[in-house]
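Take a look at the following structure, please.
The values are calculated or read from the model by the stated rules, or taken from the named source; none is laboratory data. These numbers come from a predicted model, not from an experiment. Quick reminder, even Gly has a Cβ in these numbers, built from the backbone with ideal geometry, and neighbours come from all protein chains shown. The accessibility values were calculated without ligands, DNA or RNA, using every heavy atom of the protein model including side chains. Shrake-Rupley method; radii C 1.70, N 1.55, O 1.52, S 1.80 Å.
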Amino acid sequence: MKRELQRIEIPGEHDARQRTWRVVQAAFAERERVTWPRRHARSLVLAAAGAAIVAAAVTPPGRSVVNSLRDAVGREKVVGVRPAHRELVRLPASGRLLLESPGGSWVVGESGSRRRLGPYRMASWSPRGLYVAAILRGFELVALDPKGDVRWTRGRKQRLAFPRWSYEGYRIAYLSESTLRVVTGDGEQDWGLGSADPGVAPAWRPGTHDVAYVGTDGDVRVADADARRLLWRAAVRFGAPRQLLWSADGSRLVAIGPQWVKSFDPRGRTLGYAPIKGYASAATFAPRGHRFALIVRPGGVLVVGADTMRFHNRLLFAGAGRFNGVAWSPDGQWILVSWPSADQFLFVRSTGSRHIVAVANVAEQFNPGARAPAFPRVDGWCCAS
């Protein structure tokens, strides 16, 4: 019966088949063409992963292949130094750290104790660590003690940045938008010194009231803050400096640009110049001598001599990802390296045998309760209390 029914020709059936076939042909011709690699993407990924694993197992270059593959699929965190302490329980040297997280400024004691000062920004230590100068809400300069008690405040209509104490604490230099200003340590008197690059912090010369800053034209300038006059200026032909720092004895001024470093004597004469392969992001002088630690991306942390600007092939630490801060301990024995990509603080011995103390989970410790804690910035490592 089934075969008999299949032989029966339904009226119009042949024409319907022809029309359906033409519709299918037209749709096939207009389709989005898919290449062979795309049709076989899953197989290719599996094969590439297998090849990378085999290569890693037998050759050092293979390990680079694995790292590249991980980067390609979105690796967000660099594997830091192991083993690492899960908490910052103690500093390896005397002194106190000043840190800044999105929630404000923190003081970390030698024993690892942590105190949040308040919602301050760009904090800096006074010379003996008795006070802190910071910016509140962008328009208020605040002087407070390490317990968070406010001593005085000064507000301005312009946005403020980078307060820095003079060597004995009698002056604070800061930026009011594109003007360099100076206020007395008690907050009573305040005056302007000249136009300045609002993105570069001023730097006091130790033992004096001479302050170095970068002009809006990119020149390095040094002014006598009390006499309110310019002492000297030096043009830099390699681009505007991004940081200025004096050696502890005041005999060397180092200007750091994105890809260069240049040193001056106190009269503004050039002592040395060195190009950098990479990008220089932060630096700090040793508490004694003319060496300074310099962060270079990509790469790590270098120790440089300000007299000759020779790097001496002294690579203090090398690692992947981003570094955002460096600070020398008051005794000169340790250098703190801030490593956001690995969520670690590294305390590296600056002299003698190489030794590293790593602290992990740093972002969470200074952003309690935050869903996505941000890594803190190091604002200074000051003398003991």
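Tell me, which strands (runs of 3 or more DSSP E) wholly within the range 281-363 include 3 or more residues that are of a type in the set (Gly, Ala, Ser) and modelled with pLDDT under 95? If you could, list the steps in order and put the result at the bottom.
On the way: elements: 291-297, 299-305, 315-319, 325-328, 334-339, 344-349, 356-360.
In the range 281-363, the matching strands (runs of 3 or more DSSP E) lie at 299-305.
Just to be sure before I move on: is Ala372 surrounded by 15 or more Cβ atoms within 10 Å (Cβ to Cβ) and either out of contact with any Ser or Thr (no Cβ under 8 Å at 6 or more places or on another chain) or under 17 Å from Ser113 (Cα atoms) (or both) in the structure I sent? Outline the logic, then answer.
On the way: surrounded by 15 or more Cβ atoms within 10 Å (Cβ to Cβ): no; either out of contact with any Ser or Thr (no Cβ under 8 Å at 6 or more places or on another chain) or under 17 Å from Ser113 (Cα atoms) (or both): yes.
For Ala372, the condition - surrounded by 15 or more Cβ atoms within 10 Å (Cβ to Cβ) and either out of contact with any Ser or Thr (no Cβ under 8 Å at 6 or more places or on another chain) or under 17 Å from Ser113 (Cα atoms) (or both) - is not met.
Right, another one. Kindly evaluate Tyr213 against the criterion of being hydroxyl-bearing (Ser, Thr, Tyr), modelled with pLDDT of 95 or more, touching a strand residue (DSSP E or B) at 6+ places or on another chain (Cβ under 8 Å) and within 29 Å of Ser113 (Cβ to Cβ). Before the answer, list the steps.
Numbers: hydroxyl-bearing (Ser, Thr, Tyr): yes; modelled with pLDDT of 95 or more: yes; touching a strand residue (DSSP E or B) at 6+ places or on another chain (Cβ under 8 Å): yes; within 29 Å of Ser113 (Cβ to Cβ): no.
No, not satisfied.
For Cys382, which of the numbered conditions (1) touching a Gly at 6+ places or on another chain (Cβ under 8 Å); (2) modelled with pLDDT of 85 or more; (3) open to solvent by less than 50 Å² (accessible area, probe 1.4 Å); (4) closer than 24 Å to Arg82 by Cα fails to hold?
In the conditions (1) touching a Gly at 6+ places or on another chain (Cβ under 8 Å); (2) modelled with pLDDT of 85 or more; (3) open to solvent by less than 50 Å² (accessible area, probe 1.4 Å); (4) closer than 24 Å to Arg82 by Cα, Cys382 misses (4) alone.
Same structure again: Being surrounded by 22 or more Cβ atoms within 10 Å (Cβ to Cβ) and either touching a Lys or Arg at 6+ places or on another chain (Cβ under 8 Å) or hydrophobic (A, V, I, L, M, F, W, C) (or both) narrows it down to one of Val261, Val303, so name that one. Step through it out loud before you land on a result.
On the way: Val303 fails: surrounded by 22 or more Cβ atoms within 10 Å (Cβ to Cβ).
Step by step, each of Val261, Val303 is checked, and only Val261 is surrounded by 22 or more Cβ atoms within 10 Å (Cβ to Cβ) and either touching a Lys or Arg at 6+ places or on another chain (Cβ under 8 Å) or hydrophobic (A, V, I, L, M, F, W, C) (or both).
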